[in-house]
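Here is the structure we will look at, set down as structure tokens.
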Amino acid sequence: MALTFGIDVGGTNFRVGVFQGEKLVEQYRVEKNLSLMCKKLLPEHVGFEIIRMFTDKITFLMKKYPEVDAIGVGFPGFIDPATHILAQSPNLPGLKNINIAKELGDQLGKKVVVENDANAAAYGEYCLAGKPVTGLIYLGLGTGVGGGLIYAGKPFVGQHGTAMEAGHIIVEPNGSRQCGCGNRGCVEQYASASGVAISYDELTHQKLTAHEIATLARTGDEHALKAYHQAGESLAMMLAHVQKVLDVPNVVIGGGMSQAWDLMQAAFNARLDADLIPVLRGKIHIKVSDAGDIAGMLGAAMLTLS
Ligand SMILES: [Zn+2]
């Protein structure tokens, strides 16, 4: 039976899942700091080197799995749905205006499908949830806040591939926190790992990681709890806005920060209930992902078949 590679690309590593249908057969993690690699290269060399690096790694794995006939890639960045050209990747400087699917496909001689990483994770969660007809919203809490919407059985990406950029919904108008997107007060500046670190720094003038702050919060540290409370509240404000537009009741929360959901949940629930229009209150089903980090790989692999 044919196999598929599903690749989930992150800033400091990428993971390759070998799938038989929806079943994960094997997975590989490649430590590679792509952000750093891009920063070190001349901008005009970034695209070439990225393609060469992925070609080398995938070719190596294909020797072990010659039955692989398609490769799906969840890649951070804005991908134009009509041309498949990646316009920009905010965390991979210099990488722009490149058709990764075509370049990799030509090198590997296989079908390659490239989708935005959050959309791929959303599709993976959608498959794991049994493909609900009402669709699904995915929110990925990591270094940033990613969003994906599965609607009518496929990722809804919009005209320019930027639909569901939920992390850039403004929850603090004229807020002091400058976002990478150019605006101020985006939810990503409050509800991501870096956002929690900023909140804690503002309260204590100490620079800790979100993970360290979570550990402190679990010992009852007031400021650490407040930083996570603010994350939960900001996330709920954003989701209430999104639900007023979309009314898609299945929401899956994933990403590394979802492990600290217990620290955000009470503030999140209270705020969501207050901000939703009354008819939607109590009707939004929030689920913390139990797929670990498989959803992104699965979604990427399954999008090659859709
Ligand atoms: Zn932003």
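Numbers for the structure displayed
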read-out: Relative contact order of the chain, pairs being alpha-carbon contacts under 8 Å that are 6 or more residues apart, as %; value: 20 percent
read-out: Where segment 1-95 is the region considered: accessible area per residue in Å², 1.4 Å probe; value: 50 Å²
read-out: Where N is the number of residues in segment 24-160, Cα Rg divided by 2.2 N^0.38 Å; value: 1.09
read-out: Semi-axis lengths (Å, descending) of the ellipsoid that matches the C-alpha gyration tensor of the chain; value: 32, 22, 18
read-out: With DNA, RNA and ligands ignored, accessible area of ASP106 (1.4 Å probe; Å², nearest 10); value: 100 Å²
read-out: Compactness index (Cα Rg / 2.2 N^0.38 Å), segment 132-288; value: 1.01
read-out: Per-residue [θ]222 nm for the chain (sum of -39500 (n - 2.57) over DSSP H runs n ≥ 4, rounded to 500); value: -12500 deg cm²/dmol
read-out: Stokes-Einstein translational diffusion, segment 122-212 - Kirkwood Rh over all Cα pairs, 1.002 mPa s, 20 °C, in µm²/s; value: 148 µm²/s
read-out: Accessible area (Å², 1.4 Å probe, nearest 10) - THR219; value: 110 Å²
read-out: Residue-level accessible surface for THR215, protein heavy atoms, 1.4 Å, Å²; value: 80 Å²
read-out: Segment 249-290 - Kirkwood radius from inverse mean 1/r over Cα pairs (Å); value: 11.1 Å
read-out: All Cα pairs of segment 1-82, percent lying beyond 19 Å; value: 41 percent
read-out: Of GLN230, GLN259, GLN206, the one that fluctuates the most in a GNM where the chain has Cα springs shorter than 10 Å; value: GLN206
read-out: Among HIS229, HIS241, HIS285, residue whose mean-square fluctuation peaks in a GNM of the chain (springs only between Cα atoms under 10 Å); value: HIS285
read-out: Theoretical FRET efficiency, 1/(1+(r/R0)^6), r = Cβ-Cβ of ALA82 and HIS211, R0 45 Å, to 0.05; value: 0.65
read-out: Segment 132-288 - share of DSSP beta bridges that are antiparallel (%, nearest 5); value: 55 percent
read-out: Length-normalised contact order of segment 132-288 in % [C-alpha pairs under 8 Å, at least 6 apart]; value: 24 percent
read-out: Among beta bridges that DSSP assigns inside segment 1-151, antiparallel share in %, nearest 5; value: 65 percent
read-out: Accessible surface, per residue, of segment 132-288 when the full set of protein chains is kept, probe 1.4 Å, Å²; value: 47 Å²
read-out: Cβ-derived FRET efficiency at R0 41 Å, ASP273 paired with HIS223, nearest 0.05; value: 0.95
read-out: Rounded to 5, percent antiparallel among DSSP beta bridges of the chain; value: 55 percent
read-out: Heavy-atom accessible area order for GLU26, GLU115, largest first, 1.4 Å probe; value: GLU26, GLU115
read-out: Other-chain or far-sequence residues with amide H under 5 Å of ARG177's (modelled H); value: GLY185
read-out: Most fluctuating residue given options CYS181, CYS38, CYS127, as computed from a GNM of the chain linking Cα atoms under 10 Å; value: CYS181
read-out: Residues listed by number, segment 241-284, amide nitrogen under 18 Å from GLU202 label point at 7 Å toward C-beta; value: 264, 267-268, 271
read-out: Heavy-atom accessible surface of the chain: percent carbon and sulfur, 1.4 Å; value: 53 percent
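The values are calculated or read from the model by the stated rules, or taken from the named source; none is laboratory data. Remember, predicted model here, so these are calculated numbers, not experimental data. Note that each Cβ is placed from the backbone with ideal geometry, even for glycine, and that neighbours are counted across all protein chains shown. The protein model used for the area step is the full one, side chains on, heavy atoms only, and it has no ligands, DNA or RNA in it. Shrake-Rupley method; radii C 1.70, N 1.55, O 1.52, S 1.80 Å.
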